[in-house]
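Below is one structure, written out as structure tokens, with a few remarks after it.
The values are calculated or read from the model by the stated rules, or taken from the named source; none is laboratory data. Computed from a prediction, not measured in an experiment: that's the story for all the values here. We place every Cβ from the backbone using ideal geometry, glycine too, and count neighbours over all the protein chains shown. Remember, those area values only see protein heavy atoms, side chains included, never the ligands or the DNA or RNA. Shrake-Rupley method; radii C 1.70, N 1.55, O 1.52, S 1.80 Å.
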Amino acid sequence: MIKNSSKLICICLSTLVMASCGSSQKDKPADTTITKTETVVTVPEKQENAPAGSSFSITPDSAVLGKSKEALVKVTEATAVELQDADGKSTGAELTVKLQVTNKSTLDAKKYFSVSAADARLELDNGTAVPGNKESGNTEPEPEASSEAVWKFSLPAGTSPKKLNFFVDGTRVSVGLTKK
């Protein structure tokens, strides 16, 4: 019996030794540490290569024209963009005027008119006046209707707009422009 028990002890001890040697690599938990690297990228502010511009306030913002006061012209926006040559020297500016034109006559009266950009005059601070060019839109609305248009004016270098004159049916109305 001693022989059997010593064999049993030897078998247990050898099993323990083998288990401890074999499990030292296998039973060890895997390396779970995660190395996190954070890279911060600083993006420089976007510098626009756009020309300088300015906006204008309009007073009054609307004008009633025509002998029967059938034309209502409202200036909704006026902005200017500075123009430069390749060397950066100012060559003037381009003023963009957005208009809303309303025909106040009734459907029965059927009065029609046209507010022409070529007839309008932009007075400058140096006393000269420049005509406009129609860019887009319609300034010939139907009775009891409105339409929108965009006009462009070319300003010489060193000048600023002072007021815009509208002409319809022998009448003239001016709106003032001041830089904001």
Failed item, numbered, when E123 is tested on (1) without any contact (Cβ under 8 Å) to a residue 40 or more places away in the chain; (2) touching a Lys or Arg at 6+ places or on another chain (Cβ under 7 Å); (3) charged (D, E, K, R):
(1)
If you check E94 against the conditions, is it more than 21 Å from L177 (Cα to Cα), at pLDDT 90 or above and either more than 29 Å from the chain's Cα centre (by Cα) or outside any loop (DSSP other than H, G, I, E, B) (or both)?
no
Go through E144, E94, E140 for me and flag whichever is acidic (D, E), touching a strand residue (DSSP E or B) at 6+ places or on another chain (Cβ under 8 Å) and more than 16 Å from V64 (Cα to Cα).
E94
Answer yes or no: is there a residue in the range 67-74 that is without any contact (Cβ under 8 Å) to a residue 40 or more places away in the chain, assigned to a strand (DSSP E or B) and either touching a Ser or Thr at 6+ places or on another chain (Cβ under 6 Å) or open to solvent by less than 70 Å² (accessible area, probe 1.4 Å) (or both).
yes
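Quick one: would you say E77 is over 20 Å from S147 (Cβ atoms) and part of a strand (DSSP E or B)? Can you show your working first?
Values: over 20 Å from S147 (Cβ atoms): no; part of a strand (DSSP E or B): yes.
No.
Kindly indicate the residue of the range 123-156 that is more than 26 Å from the chain's Cα centre (by Cα), part of a loop (DSSP other than H, G, I, E, B) and not acidic (D, E) and also farthest from T59 (Cα to Cα) among those meeting that condition.
Let us first name the residues in the range 123-156 that are more than 26 Å from the chain's Cα centre (by Cα), namely 123-131, 140-145, 156.
Next, from what is left, pick out any that are part of a loop (DSSP other than H, G, I, E, B): 125-128, 140-144, 156.
Checking the rest, the ones that are also not acidic (D, E) come to 126-128, 141, 143, 156.
Numbers: N126: 20, G127: 19, T128: 20, P141: 23, P143: 26, P156: 23 Å.
Checking each candidate, the answer is P143.
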